[in-house]
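To start, the structure itself, in C-alpha cells.
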Amino acid sequence: MDRTAERRIAAARRRAAIAKLVLGGIGAFAFLASAAFARVAYPGHHKQPVKALSPPKSFVSIVRRNQLEAGILAPTEGDPSVVTAQT
Amino acid sequence: MSSFTSMGCEVVVEGASARELERVEALFEERDAAFSRFRAGSELNRVNAAGAASLVSPLFARMVEAAIWARERTGSLVDPTLGAALEAAGYDRDFAELAASEEAASSASAGSVALFGRVLVLGRGAKLDLNGVVKAAAVDDAIGLLSGPGFVSAGGDLASRGEVDVSLPGGGAVRLVSGGLATSGRTKRRWLRGGVEQHHLIDPATGRPSASPWEQVTVCGATCLAADVAAKAAFLLGYDGPDWLDERRLPGRFLAGGSAHENASWRTSLEPQELACT
C-alpha cells in the first residue's frame, strides 16, 4: 500500500472516531435531557414531597361542626330508670 | 340492670347480656388503666412525664384527637392541656382521697398539644387531662357493645339504644329518645384549698376553677361525647351558655340556686309535636 492510501485511511479512521464520539455525546445528552424532562413534566413523577389527598380544611371544619349535634328528647312517659348527675 | 365502679364513678348498664357486660367492664378497665391521672403506670402519666414528643398507642391517639376536636368546637373552652391547672387547684390525687388543705391553690395556664399520626407533641409545661373526653367516649363505645335496647351510664354521662326515661338534677325527668345526655357541674367534685372552694371545671382564661353562676348543666347531644363537651363549654360560658347551645340547636338545662333554666332548644324539644295529616 502506498503512503497516500495509508494517510487517507488514517484520516478516515480519525473522522470515524470523531463521528462516534459526537454521536455518543448527542445520545447521552438526549437521554439525560429526556430523563430530566420526564421527571419534571411527566405526571407519574412527583416534584414535591407527596401529600395524601385530603379535603380542604374548611370542609373538615364544617363536618366537625356538624358533629356537635343534638340528640332527641321527648316528654317522659314513665318512671325514670336512670339518673343523669354531674360528673 | 348491672353496675360496677370504674373511672372513679358508678357505671350502670341496662340491657346487656352477661357476655356483653363483661366486654363493657373490660372496656372501662382498659380506658381507666390508660388514661387515669392517678394510676402510676398509665399511658397518660407516661406521656405527661415524657413531655415534648412521644409515640402513643392508637387508642390514646384517638382520644387525643377527640380532645383536640372538643377544643376546636368550643373555642378552646374545653381544653385537654389543663392537667397542671387541676393539680395547681389541688386535684392531685384520686377524688376519694382529697382532703381540705390550708395551702392556697395556684393556677396554671393551658398549653399546646398536637398529634401527627401517633406522635404526640406536648408544649412545654403542658399536662394532659383527658378524663372527661375518655369517660364520655367510653360510654359511646360501650353502647355499641350492646346488641339490643339498653343504656350505659357512667357517673351520669348517659347513652342509650332505644328510649329511656332519665331523672334530671334538681327534679324532673325527660325521655332520651336517641343520643346521649351529660351533666357537668361543680357541686360534686369540689374540695377546699386554703379555705377557698375548688372544683374540677377549669376556666382556661384564668387557669383556675370556673366562677360560673351555674351549679350544673345538662345537655342532650347526638353522642354522649358531644353532650359532655357541650355541657362543659356551656357551664364555662356562664350566662352566655344557653345561647351558645341554642346557636348549635343543642338542648340545655341549667341549674342555679335550686331552680332550673331551660334554653329554647330544650323547651322546643319537649313540646308536644303536632302530627300533620296527609
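Rule-based calculations on the coordinates, nothing more; no lab input. Quick caveat: nothing in here was measured; it's all calculated off a predicted structure. Because the Cβ atoms are built from the backbone with ideal geometry, glycine has one as well, and the counts that use them run over all protein chains shown.
When the chain is fully extended, how far beyond the present Cα-Cα distance does B:Phe4 get from B:Phe116, taking 0.36 nm per residue of separation?
36.8 nm
Over the whole of B:162-170, what's the average partner chain Cβ count within 10 Å per residue? Rounded to a whole number, please. Please list the in-between numbers first.
Values: counts 0, 5, 5, 9, 7, 8, 5, 4, 0.
Per-residue shielding by partner chains comes out at 5.
Per-residue mean of other chain beta-carbon atoms within 10 angstrom of the beta-carbon, peptide B:173-180?
If you average over the peptide's residues, the count of other-chain Cβ atoms is 6.
Please compute the average number of Cβ atoms from other chains found within 10 Å of each residue's Cβ in peptide B:144-155.
On the way: counts 0, 0, 0, 0, 0, 0, 0, 2, 1, 5, 1, 4.
So the per-residue partner count for this stretch is 1.
Quick one: if you stick a label point 7 Å off each Cα along the C-beta vector at A:Ala35 and A:Ile18, how many nm between them?
2.9 nm
Can you list residues from other chains, or at least 5 along the same chain, whose modelled amide H is less than 5 Å from the amide H of B:Arg249?
none
What are the GluC sites (Glu not before Pro) within the range B:226-276 that DSSP puts in a loop, where the Cβ has at most 12 other Cβ atoms within 10 Å?
Filter output for the range B:226-276: B:Glu274.
Please state, as a whole number in µm²/s, the translational diffusion coefficient that the Stokes-Einstein equation yields for the protein assembly as shown at 20 °C and 1.002 mPa s, with Rh defined as the Kirkwood radius across alpha carbon pairs.
On the way: Rh = 23.7 Å.
D = 91 µm²/s.
Just from its helices, what would the mean residue ellipticity at 222 nm be for the protein assembly as shown, if runs of 4 or more DSSP H residues each count -39500 (n - 2.57) and the sum is divided by every residue, rounded to the nearest 500 deg cm²/dmol?
One gets -12000 deg cm²/dmol as the mean residue ellipticity at 222 nm.
Among B:Gly180, B:Gly150, B:Gly241, determine the one that fluctuates most according to a GNM of chain B built with springs between C-alpha atoms less than 10 Å apart.
Taking springs between Cα atoms under 10 Å, the residue moving most is B:Gly150.
Could you pull the Rg and Dmax for chain B, using just the Cα atoms, both in Å?
Just the Cα atoms of chain B yield Rg and Dmax of 18.7, 69 Å.
If the label point is 7 Å along Cα→Cβ of B:Ser101, which residues in the range B:117-135 have backbone nitrogen under 13 Å from it?
It comes to no residues whatsoever.
Give the relative contact order (percent, whole number) for chain B; include only Cα pairs under 8 Å separated by 6+ residues.
Once divided by the residue count of chain B, the mean separation gives 17 percent.
Could you count how many Lys pairs in the protein assembly as shown have their Cα atoms under 20 Å apart, skipping same-chain pairs fewer than 8 positions apart?
So the count works out to 5.
Under the Karplus relation 6.51 cos²θ - 1.76 cosθ + 1.60, θ = phi - 60°, what is the ordered set of whole-Hz ³J(HN,Hα) values for the range B:256-264, x standing for Gly and Pro?
8, x, x, 10, 9, 10, 9, 7, 4
Taking the mean number of other Cβ atoms within 10 Å as a proxy for protection, how do you rank B:255-261, B:158-164, B:7-13, B:181-187 from highest to lowest? It would help to have the intermediate numbers written out before the result.
Details: B:255-261: 13.3, B:158-164: 22.9, B:7-13: 19.3, B:181-187: 25.9.
Top to bottom by mean Cβ count within 10 Å: B:181-187, B:158-164, B:7-13, B:255-261.
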